[in-house]
Amino acid sequence: MDPIPDVNALLDHAIDIVMEAMPAIQSEIKNEIARYMRAASVAVAMKRPASSQQVEISSDDSSSSEAENDVLQSQQSNVKPTLELSSEAWLFRRAKSYQEYMKSIPIPIMRGAVIPYISWTGLGASMKQMYEQPLHYLTNIHLKQMDRERLGAEDEDVSLDLIIHPCKAEATIWLMEEIHRQTSSPQHLARVWSADPMYHTFIDAIFPKLGS
C-alpha cells in the first residue's frame, strides 16, 4: 500500500514549480504587452490616412469653391465686352444718324457779306450765325487745330483777315465742310468720338433754319 503523500510537501513542490515557471510567465506577459502596443500603433497609423484624406477632401472642396469663383469671374468678365460692344454699337448709331443729318444740309450757294475775323474758330462761329447752319464736327476740330498751329508764330498776334482774305478763308471752310458732310464715314466718326470723351462739345446745336 502506497504511503499517503505529505500535503505540505506537495504545496512546497507546487510553489517550486510556480516559481520556476514565473520567468516564463513574465516573459509571456511582456510579449503580450508588446503585441498590444504594436497593434495599437498599427491602429493609429491606419487612422492617419483617414485624417489626411479628410484634409484632402477639404482641399478639394476649396478647389471646387475656387473653380466656382473662377467661373463667376469669367462670366462677369464676359459681361463686360458685351456692355462695351453695346456702347460701341450705340456710338456708331449716333454717328450714323449725325452723318446722315449733316449730309442732308446743303452748302449755301449764295455768299453773304464779307466777314472780318481774327481766328479760324471765330470765322467759323460767324459763318454759323450768318447762314444759320451748323458746321460738321470734323470741321470744328480742324478749325481749332489750325488756330493751335499759329501758336508761337511770328505773326501770331496779327489778325488773320490781314493775312488771308476773308472771302478766300470762308470759301476754304465751306470746301472743307462739304468734304466732311459728303464723304466722312460713321465708322470714322465713331472711332474719333470713342477716343474723345468731350467730343460733344464740338457738335453744333441744330439751327431752326437749315439751308435758307
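Step by step: first the residues of the stretch 196-212, then only those that are surrounded by 12 or more Cβ atoms within 10 Å (Cβ to Cβ) and part of a helix (DSSP H, G or I), then the one that is modelled with the lowest pLDDT. Which residue is that? In this case the residue turns out to be Tyr199. If the condition is being part of a loop (DSSP other than H, G, I, E, B), free of Cβ contacts under 8 Å to residues at least 60 places away in the same chain and open to solvent by less than 70 Å² (accessible area, probe 1.4 Å), then the stretch 104-131 contributes Gly112, Ala113, Ile115, Tyr117, Ser119.
Just so you know, in the stretch 132-150 the residues that are in a helix (DSSP H, G or I) and in contact (Cβ under 8 Å) with a residue 60 or more places away in the chain include one that is nearest to Tyr101 (Cα to Cα), and it is Tyr137. Tell me, yes or no, whether the stretch 178-195 has at least one residue that is open to solvent by 50 Å² or more (accessible area, probe 1.4 Å) and acidic (Asp, Glu). Yes, the stretch 178-195 has at least one match.
Residue pairs whose Cβ atoms lie under 9 Å apart, separated by 6 or more positions or on different chains, with the first residue in the stretch 154-182 and touching a residue at least 40 places away in the same chain (Cβ under 8 Å) and more than 19 Å from Ile141 (Cβ to Cβ) and the second assigned to a helix (DSSP H, G or I) and open to solvent by 40 Å² or more (accessible area, probe 1.4 Å), do not occur. Only a single item in (1) surrounded by fewer than 15 Cβ atoms within 10 Å (Cβ to Cβ); (2) part of a helix (DSSP H, G or I); (3) not aromatic (Phe, Trp, Tyr) is not met by Ala153, and it is number (2).
The values are calculated or read from the model by the stated rules, or taken from the named source; none is laboratory data. Note that the structure is predicted; figures quoted are calculated from it, not measured. FYI the Cβ positions are ideal-geometry reconstructions off the backbone, even for glycines, and counts take in every protein chain you see. Ligands, DNA and RNA are excluded from the accessible area calculation, which covers all protein heavy atoms including side chains. Shrake-Rupley method; radii C 1.70, N 1.55, O 1.52, S 1.80 Å.
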